[in-house]
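Let me begin by presenting the structure, written as structure tokens, before commenting on it.
Bear in mind that the values in this text are calculations on the coordinates, not laboratory data. Small disclaimer: the values here were computed from a predicted structure and weren't measured. Reconstructed Cβ throughout: ideal geometry from the backbone, glycine too, with neighbour counts over all protein chains shown.
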Amino acid sequence: MSFGGGYGQSQPELASFGSRLLAQVIDLFWLLPLSLILGLIADFVNGGRGMSAGGELMANMVGALIVLLFWAERQATPGKLVLGLRIVDADTGGIPTMGRFTLRYVGYLVSALPLGLGYLWALWDKRRQGWHDKMAGTLVIRDPRR
């Protein structure tokens, strides 16, 4: 894992599986209430008949957009920010493109499908990458700036 290999550049510290898991738990504390609010709005708009399939899709898209905006602006969700972690391009150490962030988000679905195996993969991967990181060419590192 070399980021340019220039003189004096140190290798980044990869985020541990535990810190990444804790960041996800922290993110649940703001994502779940957001989902609840969106569900209540959809229920109200739908005359108390619950959320339609279209409403469900829209709520998921709003959540995805919020996460993608955090990644694009901060290279991290609030949970990662609290723990001093950030997402970087695995090859350069720079800011991943929006395309990579989007692929990483889609990769979350792939990582979750086989009983979360794609997330657990980071436990034994030498670069601590889950499948979503491998798909998008990203790493999660401890941010030396924080």
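By other beta-carbon atoms within 10 Å, ranking Lys80, Lys126, Lys134 with the fewest at the front produces Lys126, Lys134, Lys80. Normalised by the number of residues in the chain, the average gap of Cα pairs under 8 Å and 6 or more apart makes the relative contact order 28 percent. Counted by Cβ distance under 12 Å from Trp131, the other residues give a net charge of 0, where Lys and Arg count +1 and Asp and Glu count -1. Taking the Cα centre of the chain as reference, the dipole from Cβ charges on Lys and Arg (+1) and Asp and Glu (-1) amounts to some 300 debye.
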